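The values are calculated or read from the model by the stated rules, or taken from the named source; none is laboratory data. Predicted model only: the values in this text are computed from it and were never measured. Here the Cβ is made from the backbone with ideal geometry for all residues, glycine too, and neighbour counts use every protein chain on show. When the accessible area is computed, the model is the full protein with side chains, heavy atoms only, and any ligands, DNA or RNA have been set aside. Shrake-Rupley method; radii C 1.70, N 1.55, O 1.52, S 1.80 Å.
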Amino acid sequence: MAANLALTAPAARPMSWTMNKTATFVIDDMSCASCVGRVERALRAVPGVSSTAVNLIDKTARVTFDAPAAPQALSEALARAGYPPAEETARLSVSGMTCASCVGRVERALRASPGVISAEVNLATETASLRYASGVTSPTELAAAVTRAGYDARPASTEAASAAPDRQAAEERAMRRRAILAILLALPVVVLAMGGHMVPAFHHWIMGTIGERTSWVIQFVLTAAVLFGPGFVFLRLGLPALLRGAPEMNSLVALGSLAAFGYSTVATFAPGLLPPAARDVYFEAAATIVALILLGRMLEARAKGRAGQAIARLVALRPDTARVLRPDGPVDLPLSEVRRGDLVLLPPGARVAVDGTVTEGNGFIDESMLTGEPMPAAKAPGDRVTGGTVNGTAALTYRVTATGDDTVLARIVRMVGDAQGAKLPVQALVDGITMWFVPAVMAVSALTFAVWMVLGPEPVLSHALVAAISVLVIACPCAMGLATPVSVLVGTGRGAELGILFRRGDALQRLSETRIFAFDKTGTLTEGQPRLTDLIPSPGVDGAALLARIAAAEAQSEHPLARAFLDEAERRGLTIPPVSATRALPGRGIEAQVNGTAILIGNARLMREKGIDVAAQAKVVADLAVAGKTPILVAEDGHIAGTVAVADPVKPHSAATVDALHRLGVQTAMISGDTRTTAEAVAARLGIDRVVADVLPEGKVDAVAELGQGGAVAFVGDGINDAPALAAADVGIAVGTGTDVAIEAAEVVLMSGDTQGVVDALGLSRAVMRNIRQNLFWAFGYNVILVPVAAGALYPLNGMMLSPMLAAAAMALSSVFVVTNALRLRRAGPWI
């Protein structure tokens, strides 16, 4: 079922939800009048929908709506009704954003575009993540909408991710040039303006040589050079935004510096327009505002570049060429020319170019850069190799299985990038405030000016101007905009270094709130390679022959336990009899016809269903379960034939993982299809708090829901049958050595395949959220405390007024503080 969405809006107010909008859904799978009724009822149930018109002939649904309805709500309503719109996703690279207000404007421009269902913009990574109706718009058109809003945008790509470090380095170099030039030009202005206050002799020397008026003219020239040279970026971005009615941080800087410059220019060249007591200049304020904020931008750009180095390091793992075997010999080819199926030579010490399977040679490969595991992994023919890893001392040959964006490395880069661009739930509070922050600061500045003009001491105009400019300059929406995304940026990057991939950034917040960690047993806490430990035939039954028939029945099974029987039969050299039919019974066992004998292999539930008496084996089954083994009953031709037992060895680090989770204050649980006795024996060995046993594959979702009644649940699994539970849990954590289905269903992937990564993931998520709270406390506390101080709140108490220069310095350092605090996460962990 698929639908396409076309969205139109009145042109007069493209970013407002206060006027009616019309959305047209193209619904391909409406086939009867009942479908029409269901679509109409689903859409009318959305608050804000005023009318619907569904046409079965052309399969469209036209909806007129107002706030609070939105395209996303309409899309979700259709999906719940069974008619989900066909959606696509896209990422845009957006440049020119400087603060949280910019983020809000870009998001509103995108959400007002036809077909857009959701849009999230990240200031730290300078990206926009979008969901939109397929066929209605395109990434290029959406980028154009952002450009019309005043910001440069283009569709992002893998190449763009690779070029991001170079772009950040270029931004830092440009900011450094501007800051150095601005400081060099502003320094003489500060010396001329402030030197006389600090050194009276210098003041007398100025008066006796060039004179005050000439000094002011020199300051005018140098300040103009600062404003219209390196500081022109604030005017170029801030003034058009102000004229569009969408002021942002650049607008505050532009207004503050121009106000000081304009007032001082009048005092210099037309002093008669001002009262005698107010004929003073503030060129040094205008110049230092620009110089200090450019310095802060330079430091911020450097710190942001360091924060995003995780992706840069991942991209750098990929070599430029591969040595490919051709009929006339090996040839070094660029990776763009390597194709699936090619044979690639891997010399000792070389980096693997692309993913593949070893065809010749035996050796070891260092995979620590992807998995975090320090020990090299042994490789032999048939084993997989991953692009970006480093070969040991043996030469290998491998056949290419994936290239370009399909390689594991490319997928990791993409997952890390997606997580870094995600918006955490805590960001909603910030967004609600920053949308009105800059207009509110401008209003406070105007009010400050008016109050000082009415109540301030002489010179009234000078005091009012200084206070108003200080308010404009000290307010910092940048720190608020960066507080959350820069921590996510560094945290997810650190996770990649630890072998932990957050497929969604918001999983960081939910994982930090998790109180129960539920583990699948087989393959997660255990090795997933069971061994046959006991064979107990019934009286009169030959054990070797019974094992041969069991192996025959299990030969076609994909169940993990089947391999244990086959391996033991092979070890004993048994001849496997022919099997004519087999049928798997999920969660119970298997039935088969082996050489004319009807054989049942499974648990007690299966035997009861088939009416087979198992009383004679009850004590044997109980003793095996108490020992932590999995007892399996065998019946032939309707009679019990014996009991076998298998045991799945516990992974070396499972007990340490459980213990570390307990030290971090969370509960642990194990979900298993084993009998309760067997499951509890394993749980007791590991120290697990709660056990949910006798669970069928389809029952894992219910088990997760039951555990969730005690708090947020994270589920850790690796198999195909774990995918529903991974999706149902508050946070799904997939072991990286598991199936692709499980990995796709999870939100966190442990690349090492070791459950110790669960502890690091929890520790890292808590560290990131703690860092975010610190940043938000600073960003909001800074503005709440210093904006009133800049307005002159302390003047009645102690006569203190904040200089615009100090205001600019504080504003510049606030963003640097937030980014620098987030950089501490680069040293976080490990926690076990």
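The table below lists the values:
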{"item": "The stretch 421-487 and the stretch 172-210: distance between their alpha carbon centers, rounded to Å", "result": "28"}
{"item": "Largest-first ordering by accessible area, 1.4 Å probe, given options S462, S368", "result": "S368, S462"}
{"item": "Label-point separation in nm, V199 to A394, each point 7 Å along Cα→Cβ", "result": "7.5"}
{"item": "Inverse of mean 1/r across different Cα pairs in the stretch 485-527, Kirkwood, Å", "result": "12.1"}
{"item": "Calculated FRET value between L455 and E76, using beta carbons and R₀ = 45 Å, to 0.05", "result": "0.25"}
{"item": "Amide H contacts under 5 Å for L585, placed H, 5+ residues apart", "result": "I590, E591"}
{"item": "Percent antiparallel among DSSP beta bridges (both partners in the chain, rounded to 5)", "result": "85"}
{"item": "Cα long-axis angle, helix 283-307 against the chain (0 to 90 degrees, to the nearest 10)", "result": "10"}
{"item": "Rounded FRET efficiency, nearest 0.05, which uses the C-beta distance separating H639 from L343 and R0 of 60 Å", "result": "0.60"}
{"item": "Using alpha-carbon coordinates, inclination of helix 158-198 to the longest axis of the chain, degrees", "result": "30"}
{"item": "Net dipole in debye of the chain [+1 Lys, Arg Cβ; -1 Asp, Glu Cβ; about Cα centre; nearest 20]", "result": "2180"}
{"item": "Between helix 562-572 and the chain: long-axis angle, C-alpha atoms, 0 to 90°, nearest 10", "result": "50"}
{"item": "Rounded percent of accessible protein surface that carbon and sulfur make up, the stretch 743-832, 1.4 Å probe", "result": "68"}
{"item": "Two-decimal Rg/Rh across the stretch 455-501, once Rg and the Kirkwood Rh are taken from alpha-carbon atoms", "result": "1.50"}
{"item": "Per-bin percent of Cα-Cα distances, the stretch 176-286 [5 Å]", "result": "2, 12, 19, 20, 18, 14, 8, 4, 2, 1"}
{"item": "Kirkwood hydrodynamic radius (C-alpha pairs) into Stokes-Einstein, the stretch 755-812, 25 °C and 0.890 mPa s, D in µm²/s", "result": "174"}
{"item": "Mean projected area (nm²) of the alpha-carbon convex hull when the stretch 562-714 is viewed from all directions", "result": "10.7"}
{"item": "Distance between the stretch 220-285 and the stretch 74-120 - C-alpha centres, whole angstrom", "result": "37"}
{"item": "For the stretch 683-736, projected area of the alpha-carbon convex hull averaged over all directions, nm²", "result": "4.0"}
{"item": "Contact order normalised by residue count of the chain, Cα under 8 Å, 6+ apart, percent", "result": "11"}
{"item": "Per residue value of the accessible surface for the chain (all protein chains in place, 1.4 Å probe), Å²", "result": "42"}
{"item": "The stretch 580-638: radius of gyration over Cα atoms, expressed as a fraction of 2.2 N^0.38 Å", "result": "1.15"}
{"item": "Cα-based Rg / Dmax (Å) for the chain", "result": "34.2, 124"}
{"item": "Taking the C-alpha atoms of the stretch 418-563, convex hull volume expressed per residue in Å³", "result": "171"}
{"item": "D (Stokes-Einstein, µm²/s), Kirkwood Cα radius, the stretch 482-576, 0.692 mPa s at 37 °C", "result": "186"}
{"item": "Charge-dipole axis of the chain as Lys and Arg at +1 and Asp and Glu at -1 on Cβ define it, positive-most pick from V146, G708, P327", "result": "V146"}
{"item": "Other-chain or far-sequence residues with amide H under 5 Å of T389's (modelled H)", "result": "V352"}
{"item": "Kirkwood Rh in Å, taken over all unlike Cα pairs in the stretch 434-519", "result": "16.7"}
{"item": "Cα lying deepest toward the dipole's positive end in the stretch 494-651, options H639, A618, G528, charges on Cβ", "result": "G528"}
{"item": "The stretch 487-639, Rg to Rh (Cα coordinates; Rh as Kirkwood inverse mean 1/r)", "result": "1.16"}
{"item": "For the stretch 203-251: Kirkwood Rh in Å [reciprocal of mean 1/r, alpha carbons]", "result": "12.7"}
{"item": "Other-chain or far-sequence residues with amide H under 5 Å of G753's (modelled H)", "result": "G736, T737"}
